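Trainee: Just dropping this structure here.
The values are calculated or read from the model by the stated rules, or taken from the named source; none is laboratory data. Please read all numbers here as calculations on a predicted model, not as lab measurements. Here Cβ is always computed from backbone atoms with ideal geometry, including for glycine, and neighbour counts include all displayed protein chains.
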Amino acid sequence: MSSPKIRSLREILAEVENKKIALGHFNISDLVAFKAIKDGAKALNVPVMVGVSEGEREFVGIHAVAALVKSAREEGIEIFLNADHTHSLEKAEEAARAGFDEVLFDGSKLPMEENLRLTKQAVEMIRKINPEIVIEGEIGYIGSSSEILKEKPHDLALSTPGEALRFVQQTGIDVLAPAVGNMHGLLESMVHGNEHKRLDIPRIAEISNAAGVPLTLHGGSGTADEDFRAAIQAGIRIIHVNTELRLAWRKGLEESLEKSMYEVAPYKILPGAYEAVRKVVEERLKLFNGQGN
């Protein structure tokens, strides 16, 4: 029996551009989150991206997560694997050789000239390994931690259309991640209140027009729904959500432990975390794909 045909990530990006929707991207650190993302995408019949940062790759295992994605594709799920926030050429090469669909080479905290130089090297190297791999670069600075923060970092820096055009032209990247009011992590006020991140929508549109490639929104957790919708219309084609999933995972686990304080079987405790993560995933995928309200 032959495996179902899965489109390439490049084909998916062309489709979301044509439909003016966005591809949901969710990071994982364990099998629970992976299963929740996979099952959520399957239930809604939409493609999805799974991301693993350098730290997450080290914990989960770079070849183990690649095998999980390959297995999910055999179920007919259009799921794609991203080497998220890769900071060295060595780690970029490792991910490319492990069969990742996308590599984000992140030099955003470096001076622009250094970011340009290293990202261009990463593009040239990865294309030699596999020209089908989608390569993403990042400009501006939106922080570095997907966690709960007491206050907004002071060194955030927005991107400009001129920087975007130059970066795309000089590096040859396929996808650009700009800083447009987004931020990694969540503020405590966003967790405990009704505050949301607000995006610079006109800037997104200007950068999209200048860059001429699909844009990724990193640090999507806690963003107002109306800003997500407007950002997608302005040119955002991939949206990263991580902290929301981590928060849901923890709350779901805590609730399971409270209900069954003497339970020790992980497969009886972890469904609470699974259901909480899947709920977030499905809500975000519906929004990003224009399903429902």
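Trainee: Quick check: is even one residue across segment 37-50 of a type in the set (Gly, Ala, Ser) and not in a helix (DSSP H, G or I)? Give the steps one after another, and end with the answer.
Mentor: Residues of segment 37-50 that are of a type in the set (Gly, Ala, Ser), as a first pass: 40-41, 43.
Imposing the further condition that a residue be not in a helix (DSSP H, G or I) reduces the set to none.
Checking segment 37-50: not a single residue is of a type in the set (Gly, Ala, Ser) and not in a helix (DSSP H, G or I).
Trainee: Is one or more of the residues making up segment 221-242 among the aromatic types (Phe, Trp, Tyr) and under 24 Å from LYS35 (Cβ atoms)?
Mentor: First, the residues of segment 221-242 that are among the aromatic types (Phe, Trp, Tyr): 228.
From what is left, the residues that are under 24 Å from LYS35 (Cβ atoms) are none.
Scanning segment 221-242 turns up no residue that is among the aromatic types (Phe, Trp, Tyr) and under 24 Å from LYS35 (Cβ atoms).
Let's see how each residue does on (1) at pLDDT 95 or above; (2) within 23 Å of ILE239 (Cβ to Cβ):
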residue: PRO131; (1), (2): yes, no
residue: VAL134; (1), (2): yes, yes
residue: GLY137; (1), (2): yes, yes
residue: ILE142; (1), (2): no, yes
residue: SER146; (1), (2): no, yes
residue: PRO153; (1), (2): no, yes
residue: ALA157; (1), (2): no, yes
residue: GLY162; (1), (2): yes, no
residue: GLN170; (1), (2): yes, no
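Trainee: Among the residues of segment 1-35, how many are in contact with a helix residue (DSSP H, G or I) (Cβ under 8 Å, 6 or more places away or on another chain), among the small types (Gly, Ala, Ser) and in a loop (DSSP other than H, G, I, E, B)?
Mentor: 3
Trainee: Let me ask something else about it. Only residues that are surrounded by fewer than 16 Cβ atoms within 10 Å (Cβ to Cβ) and in contact with a Lys or Arg (Cβ under 8 Å, 6 or more places away or on another chain): list them for segment 256-290, please.
Mentor: Result: SER260, GLY290.
Trainee: Between a residue in segment 49-72 that is without any contact (Cβ under 8 Å) to a residue 40 or more places away in the chain and among the charged types (D, E, K, R) and any residue that is part of a helix (DSSP H, G or I) and surrounded by fewer than 21 Cβ atoms within 10 Å (Cβ to Cβ), which pairs come within a Cβ distance under 6 Å, given they are 6 or more apart or on different chains?
Mentor: GLU54/LYS91
Trainee: Being more than 15 Å from the chain's Cα centre (by Cα), hydrophobic (A, V, I, L, M, F, W, C), at pLDDT below 90 and over 23 Å from ILE37 (Cβ atoms) narrows it down to one of LEU199, LEU187, so name that one. Write out each step before concluding.
Mentor: Details: LEU199 fails: at pLDDT below 90.
The unique qualifying residue is LEU187.
Trainee: Among the residues of segment 24-34, are any over 15 Å from PHE288 (Cα atoms) and in contact with a Pro (Cβ under 9 Å, 6 or more places away or on another chain)? Spell out how you get there, then give the answer.
Mentor: First, pick out the residues of segment 24-34 that are over 15 Å from PHE288 (Cα atoms): 27-34.
Subset that is in contact with a Pro (Cβ under 9 Å, 6 or more places away or on another chain): 32.
Yes: one or more hits.
Every residue, every condition in (1) outside any helix (DSSP H, G or I); (2) surrounded by 21 or more Cβ atoms within 10 Å (Cβ to Cβ); (3) modelled with pLDDT of 95 or more, yes or no:
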residue: PHE59; (1), (2), (3): no, no, yes
residue: ALA83; (1), (2), (3): yes, yes, yes
residue: GLU93; (1), (2), (3): no, no, yes
residue: LYS109; (1), (2), (3): yes, no, no
residue: LEU116; (1), (2), (3): no, no, yes
residue: THR119; (1), (2), (3): no, yes, yes
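Trainee: May I ask you to verify whether ASN27 is of a type in the set (S, T, N, Q) and within 24 Å of LEU285 (Cα to Cα)? Spell out the reasoning first.
Mentor: Numbers: of a type in the set (S, T, N, Q): yes; within 24 Å of LEU285 (Cα to Cα): yes.
Taking the combined requirement at face value, the residue satisfies it.
Trainee: Could you check VAL241 against (1) surrounded by fewer than 21 Cβ atoms within 10 Å (Cβ to Cβ); (2) in contact with a Gly (Cβ under 6 Å, 6 or more places away or on another chain) and say which number it fails?
Mentor: Here VAL241 meets the rest and fails (1).
Trainee: In segment 1-28, which residues are modelled with pLDDT under 95 and farther than 17 Å from GLU78 by Cα? Can you show your working first?
Mentor: Residues of segment 1-28 that are modelled with pLDDT under 95, as a first pass: 1-6.
Scanning segment 1-28 gives a single hit, MET1.
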